[in-house]
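All remarks here apply to the structure that follows.
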Amino acid sequence: MATSGPVPQNLRELLDRLENEPGKDRKVVETRRAINQIGLLLRKPLQNIPTEPVLLRPLIKAATPASLEITSARWSRLKSLLAFGLRRYGIDLQPARDVAGHSPVWKALASLAPDRASFIALSRFMSFCSREGISPDAVTEQVFSDFAEALQTRSLHQTPSAISRGAINSWNRAVATVSEWPQKVIPLERHSRFYSFAWDAFPESFGKDVEAYLAQCAVTDIWSEHSKKASRPKTIELRRRQLRQLASLLVLSGLAIEEVTSLAVLTKLDNARAALQQQEVRKDGVVPRSLAEHAWLLKTIARSWTKDPVSAEALGNLAARLNTASREMTERNTSRLRQFGVSTNVDALLNLPARAFAEAEGAAIVTPKIARRVAFALAVDLLTVMPLRINNLTGLEFDRHIIVLGRGKRQEMLVVIPAAEFKTGKTFEMRVPHSVVERINRFMERYHPVLAPQGAAQLFVSPKGGRRSTTAFSRAVSNFVKQETGLIMNAHLFRSLAGKLHLEEHPEDTETVRRLLGHERSETTHRYYVEARTTRHMQRYTDMIEQRRVSAAAAQPLKVRRKGAGK
């Protein structure tokens, strides 16, 4: 039952309204406690936490329940109670998926969904239509647009766009596969992050020029004026993708696609600027780090391929100006590293693998869910002791990369990655600590068979066999760390953490960090970790001041002047 009065603007006002309610409704009392707990979790005064869903949603997204030892089930309950309180006092909030809320005609249609995934994806949309009195035969593109708008402005769900797009995809799949489904296909706009045109949309001559250039990149040419080593296959694939992006940006900036006939068109200074500026427009005025990389690529092509020294020089100058972000660690990584300035957070991460393994050992039967949790724990284990790039981690194979020497207590394990597979072009070799060897052996014995087809060589294997997707696995590891410890972590941040932790123990030993992270030059290591060194020097200064204050207080005891003294 909603109470009359003005709509509360923040959680403090909402809590006051709930506390002033007569009676002792159990759910209201529980909601009061939930709001206080959410305030603690968000680390903000309640008066600074807005009730407007659009403003509240990112705060909830950034929350780390595990940091206060709040389980995922309890966190779901807290959010449910918060939604109850918001609706009770007039906040127009879209409910979560609610099967019971479907009208009879929508229930009948839901039973025809082609699969359970489609049913789940359409459930919120069906609830929305049921509440709005819209029948299945009346569904149009505008109805889906209204649904998307409601999710965006009146929902606490973290991915409103994904829900609305998923509903459209599932609707269209049902149209195609279920004859009784309303035969209305809903157009789905291409996601804004996908902007590149297909290669066959460009003139054939452009594609041929690109492939000729990339073929030349794959060859070592010591006799060239700009002597170079052959680019690795992954680098060539990256260059191919970057050139398609740049050509697409140039077209989006206004140049007819028919005019993009060669790389010379792309490296022409005005065109290069237009393409790069179009990316800035796409990013709402933010200059992404990738722009500098794109500018360097165009400069290289202008110098060595299209033989345009004037454009090459101008593009080199532009790239240097765009290269503002690459001089230091990104602000996001720097910010995330600060959470490890607290020793309990470091301890939580370092203890996570052993804890997860110990908890899994208590299970009588190993389910896929338990085995996946152990796999993520092992990934954290390896990333902690040898901060590999995620591509190398997901590619680890026994006998090829993981070499076992000896037996029993004398057994040693090495991770060896050939130069051709490592970013630096040098072979990586590192001994695995004994405690991690034990966990790898236990993983292979008890948990790996649950996840992998028989005979799979990969340490981290996909359900269908073969290596895991780097993007999906990286995301899964990040989610695992957040759920287990409350820490915001990505796979690549383990490399930065390795440098931070080592330099805290050995402030002057940047050479170990350089070799551990595979930096070509010491300057790179110094540049990325200058903030850690600066912070340490600042701490020395503040420690000195505190010591001097203690000495000063001992030498000159503090004399408190009484009020009115001296009159």
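Could you tell me whether the range 217-226 includes any residue that is in a helix (DSSP H, G or I) and at pLDDT below 90? Looking through the range 217-226, at least one residue is in a helix (DSSP H, G or I) and at pLDDT below 90.
Among the residues in the range 366-389, are any among the hydroxyl-bearing types (Ser, Thr, Tyr), within 16 Å of GLY499 (Cα to Cα) and not assigned by TED's automatic domain parsing to the domain that holds GLU484? No, that holds for no residue.
Filtered by the rule that a residue be farther than 30 Å from PHE84 by Cα, surrounded by 13 or more Cβ atoms within 10 Å (Cβ to Cβ) and not β-branched (Val, Ile, Thr), the range 170-187 gives ASN172, ARG173, ALA174, TRP181, PRO182, LYS184.
Examine the range 297-312 for a residue that is within 24 Å of PHE194 (Cα to Cα), of a type outside the set (Ser, Thr, Tyr) and buried (at least 16 other Cβ atoms within 10 Å of the Cβ), and state whether such a residue exists. Scanning the range 297-312 turns up at least one residue that is within 24 Å of PHE194 (Cα to Cα), of a type outside the set (Ser, Thr, Tyr) and buried (at least 16 other Cβ atoms within 10 Å of the Cβ). In this structure, is THR51 touching a strand residue (DSSP E or B) at 6+ places or on another chain (Cβ under 9 Å), crowded, with 18+ Cβ neighbours inside 10 Å and under 27 Å from GLN152 (Cα atoms)? Yes: the conditions hold for THR51. Note on the range 56-78: residues that are surrounded by fewer than 14 Cβ atoms within 10 Å (Cβ to Cβ), at negative phi and not basic (Lys, Arg) amount to 6. Total residues in the range 147-168 satisfying the condition of being surrounded by fewer than 15 Cβ atoms within 10 Å (Cβ to Cβ) and part of a helix (DSSP H, G or I): the figure is 4. Pull up the range 392-431, narrow it to residues that are under 26 Å from the mean Cα position of the chain (by Cα) and hydroxyl-bearing (Ser, Thr, Tyr), then point me to the one that is farthest from ASP381 (Cα to Cα). Looking at the filtered set, the residue picked out is THR424. Applying the condition of being among the hydroxyl-bearing types (Ser, Thr, Tyr) and in contact with a helix residue (DSSP H, G or I) (Cβ under 8 Å, 6 or more places away or on another chain) to the range 342-400 and asking which residue is farthest from ASN479 (Cα to Cα) yields THR367.
Please tell me if LYS307 is part of a loop (DSSP other than H, G, I, E, B), at pLDDT 85 or above and not small (Gly, Ala, Ser). Spelling it out, LYS307 is indeed part of a loop (DSSP other than H, G, I, E, B), at pLDDT 85 or above and not small (Gly, Ala, Ser).
The values are calculated or read from the model by the stated rules, or taken from the named source; none is laboratory data. Being a predicted model, the structure only gives us computed values, none of them experimental. Heads up, the Cβs are rebuilt from the backbone with ideal geometry, glycines too, and the neighbour counts pull from every protein chain shown.
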